[in-house]
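The values are calculated or read from the model by the stated rules, or taken from the named source; none is laboratory data. A quick note: this is a predicted structure, and the numbers were derived from the prediction, not measured. Glycine also receives a Cβ, built like all others from the backbone with ideal geometry; neighbour counts cover every protein chain displayed. Side chains included, ligands, DNA and RNA excluded: accessible areas come from the protein's heavy atoms. Shrake-Rupley method; radii C 1.70, N 1.55, O 1.52, S 1.80 Å.
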Amino acid sequence: MNLKFYTIPVLFFFFNSSFSQELQSYADNSKTAEELCIAFKGNSFSSETDANNALDEILSVVGISRNFIIKSCENIPNAMAISLKGIRYIYYNPNFMNQINSKTRYWTNMSILAHEVGHHINGHTIDVLLYANKAVEEESLAASRSMELQADEFSGFVLAKLGATINQATEAVSKMTSDEDDTYSTHPKKSKRLIAINKGYQRAKNQENALIESSGINKSTQVE
């Protein structure tokens, strides 16, 4: 099974002008998130307490305020980040989450959510109404792959900060993606994604080591 974290470039194909008009009538709150999911033909929701707690953990290690709305939605393959009228949403398929949770548990879920947050943090999710109204051009496959790697790097950074091992940080991508040629894909092949996750992970560890060294120097100075 290919693990693909869907963002605006893929989502674009699901919108038309009538759907755009419908979206424009939504209010910018949690009700909007439910209506958006219904627009994707998903209408069943599971408890989101765990997902919300996980999102708060991710945001806490990067010092970002809670300005995301997270919702379960059964009509998407796994997870997706979108923006609408300045409000940022993260959707996840509860069945998908339960399936992978039974195999790889906590860290896999965290890496998926961190990846989606990474798309928002890196400015990858242009407002869906702009795409629906064809006000912006769709990203090239190369650009899409580049954005995925940026989100993977962010995920690696966050998981390192949360205390994951490198194996735990790369677990989802390692087990659910392939190394097939990615020339005509929106997502990079496994080896590229693992490199990106490792890069983010090592950056976080380097920061921690620098703080430890700095703290040691300060203590030494105080003793003298």
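A few comments on the model shown:
- Note on the stretch 73-93: among residues that are aliphatic (A, V, I, L, M) and over 26 Å from residue 176 (Cβ atoms), the one that is surrounded by the most Cβ atoms within 10 Å (Cβ to Cβ) is 84.
- Listed by first and then second residue, the pairs linking a residue in the stretch 58-73 that is more than 16 Å from residue 33 (Cα to Cα) to a residue that is polar (S, T, N, Q) and open to solvent by 30 Å² or more (accessible area, probe 1.4 Å), with Cβ atoms under 8 Å apart and 6 or more places separating them unless they lie on different chains, are 59/65.
- Exactly one residue out of 146, 191 is part of a helix (DSSP H, G or I) and open to solvent by 50 Å² or more (accessible area, probe 1.4 Å), and it is 146.
- Within the stretch 54-72, tally of residues that are open to solvent by 80 Å² or more (accessible area, probe 1.4 Å) and polar (S, T, N, Q): 2
- Failed condition for residue 115, given (1) of a type outside the set (A, V, I, L, M, F, W, C); (2) out of contact with any Asp or Glu (no Cβ under 7 Å at 6 or more places or on another chain); (3) touching a residue at least 60 places away in the same chain (Cβ under 8 Å): (2)
- First in the stretch 172-187 and in a loop (DSSP other than H, G, I, E, B), second anywhere and open to solvent by 40 Å² or more (accessible area, probe 1.4 Å) and of a type in the set (Val, Ile, Thr), Cβ under 6 Å, 6 or more apart: none
- Checked across the stretch 204-212, the condition of being part of a helix (DSSP H, G or I), open to solvent by less than 60 Å² (accessible area, probe 1.4 Å) and modelled with pLDDT of 95 or more holds for at least one residue.
- Whichever residue in the stretch 114-143 is within 16 Å of the chain's Cα centre (by Cα) and open to solvent by 40 Å² or more (accessible area, probe 1.4 Å) and, among such residues, is modelled with the lowest pLDDT: 126
- Given (1) closer than 30 Å to residue 208 by Cα; (2) under 15 Å from the mean Cα position of the chain (by Cα), index of the condition residue 164 fails: (2)
- Candidate set: the stretch 25-53, residues that are more than 22 Å from residue 85 (Cα to Cα) and at pLDDT 60 or above; chosen: the one surrounded by the fewest Cβ atoms within 10 Å (Cβ to Cβ): 49
- Residue satisfying all of: in the stretch 149-188; within 14 Å of residue 112 (Cα to Cα) and among the charged types (D, E, K, R); surrounded by the most Cβ atoms within 10 Å (Cβ to Cβ) among these: 152
- Residue selection: residue 8 fails the criterion of being within 19 Å of the chain's Cα centre (by Cα), modelled with pLDDT of 70 or more, among the β-branched types (Val, Ile, Thr) and buried (at least 20 other Cβ atoms within 10 Å of the Cβ).
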